[in-house]
Amino acid sequence: MRSIVAIAETGSLTLAAQRMARTPAALSMQLKKLEEMLGVRLFCRDRQGMAPTAEGERLLPHARRLIAVQQEALDAFRFPALSGIVRLGAIDDLPGARLEDALSGFARSHPEVTVNTVMGTTRRLAPMLEAGEIDLALVSPGGATPWQPADRIVSDEPLIWAVRDGGDAWRRRPLPIAVATTGCAWRRITLEALDRAGTPYRVAYQSDFLGPQQAAVMADLAVAPIPRSALQPGMRQLRPSEGFERLGNTRIALRLGPEPSQVALALAERLSECCGAAQD
């Protein structure tokens, strides 16, 4: 089930294998056996990558629930009888379903723990963590906030060019783009790619949160760099054949504060498991 989720979220057998710390061949064999057992095709494959079929989409919610149930059982033995308060900082770039699954499963395993969540940008959350104002955080280093050796990657997927399906914003020049404010890693990657391609552009919409950028795309007002998993119905991905080079991957890291409590460590484990990253 973890493999199925990883393939769906990355759109690539190779990237999913990296996330799962397995070889692509092993993952392909696993997928083939599951498809034979179910008697359906779970993914369609083409030059653009892998995408879930209708049957694959039906399986994904069950897969995520099974992963969550397994984690609840493990938590009950690894971190029994926990209570208290844990303060979590989170950027909104992590797909909401994964964060919701992690928090709801954690609440069932540890009903005596209160989770206080602060949403914000990496530039805001990193100093809060250092100051002890929060206990752990999901951040996106690489821009104004550098990576730290102890950062644990919990999400690693392609950063893509998103445009409204059937829209023409991507044909306009200067190209209207929707990005975050200065200091964001995605913004830096995007502007560097446009400069290399010699594409004239203008920042048409600016927000540190993903929702407004998606709204600008859906209104056909701009093109936005977003994680592949954030592509919504009504959007499509722009390709190199259309003049938009690949942007590489975006990574979200789990960062713990100094001297984390047992409650913070338990929540960190749950977040790592639910986000699907391979563990050290």
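Taking only the C-alpha atoms of the stretch 64-178, Rg followed by Dmax gives 18.2, 59 Å. A Förster radius of 45 Å combined with the Cβ-Cβ distance from Arg202 to Phe77 puts the calculated FRET efficiency at roughly 0.25.
Note on the stretch 70-129: Cα Rg divided by 2.2 N^0.38 Å, N the number of residues, gives 1.24. Calculated on C-alpha atoms, the gyration radius of the stretch 128-205 divided by its Kirkwood radius gives an Rg/Rh of 1.07. The label-point distance for Ser241 and Ile85, in a model that sets each label 7 Å from Cα toward Cβ, rounds to 5.6 nm. Using Cβ point charges alone (K and R +1, D and E -1), the dipole size of the stretch 1-120 about the Cα centre works out to roughly 380 debye. Spin-label point model (7 Å from Cα, Cβ direction): what's the Arg173 to Trp147 distance in nm? Inter-label distance under the simple model: 3.6 nm. Would you please classify the overall shape of the stretch 1-129 from the alpha carbon gyration tensor, given that a ≥ b ≥ c denote the square roots of the eigenvalues, rounded means a/c under 1.5, and beyond that prolate means a/b larger than b/c while oblate covers the rest? Prolate, because a/c is 1.5 or more and a/b exceeds b/c. Would you work out what percent of the accessible area of the stretch 43-137, with all protein chains in place, is carbon or sulfur (probe 1.4 Å)? With neighbouring chains kept in place, the figure for the stretch 43-137 is 56 percent. Out of Gln70, Leu34, Ser272, whose Cα points farthest toward the positive end of the dipole of the chain (charges: +1 Lys, Arg; -1 Asp, Glu; placed on Cβ)? It is Leu34, whose Cα lies furthest towards the positive end. With q set to 0.11, 0.12, 0.15 Å⁻¹, the log10 of I(q)/I(0) for the chain, from the Debye formula over equal scatterers at the Cα positions, is -0.68, -0.80, -1.19.
Remark: the chain carries a charge dipole of roughly 780 debye about the Cα centre, counting +1 on each Lys and Arg Cβ and -1 on each Asp and Glu Cβ.
Remark: the stretch 13-72 carries a charge dipole of roughly 140 debye about the Cα centre, counting +1 on each Lys and Arg Cβ and -1 on each Asp and Glu Cβ. Given axes a ≥ b ≥ c from the Cα gyration tensor, I'd like to know whether the stretch 196-245 is rounded (a/c under 1.5), prolate (a/b larger than b/c) or oblate. Cα axes put the stretch 196-245 in the oblate bin.
In the full protein context, the stretch 1-130 carries 53 Å² of accessible surface per residue, based on a 1.4 Å probe and ignoring ligands, DNA and RNA.
Normalised Debye scattering of the stretch 1-51 at q = 0.14, 0.19, 0.24 Å⁻¹ gives log10 I(q)/I(0) of -0.29, -0.55, -0.88, counting only Cα atoms as equal scatterers and leaving out solvent.
A convex hull fitted around the alpha carbon atoms of the stretch 115-269 yields 114 Å³ per residue.
The values are calculated or read from the model by the stated rules, or taken from the named source; none is laboratory data. What you see is a predicted model, and the numbers here were worked out from it, not measured in a lab. For neighbour counting, all protein chains shown are included, and Cβ atoms are generated from backbone atoms with ideal geometry for every residue, glycine included. Heads up: the accessible areas ignore ligands, DNA and RNA and are worked out on the full protein's heavy atoms, side chains in. Shrake-Rupley method; radii C 1.70, N 1.55, O 1.52, S 1.80 Å.
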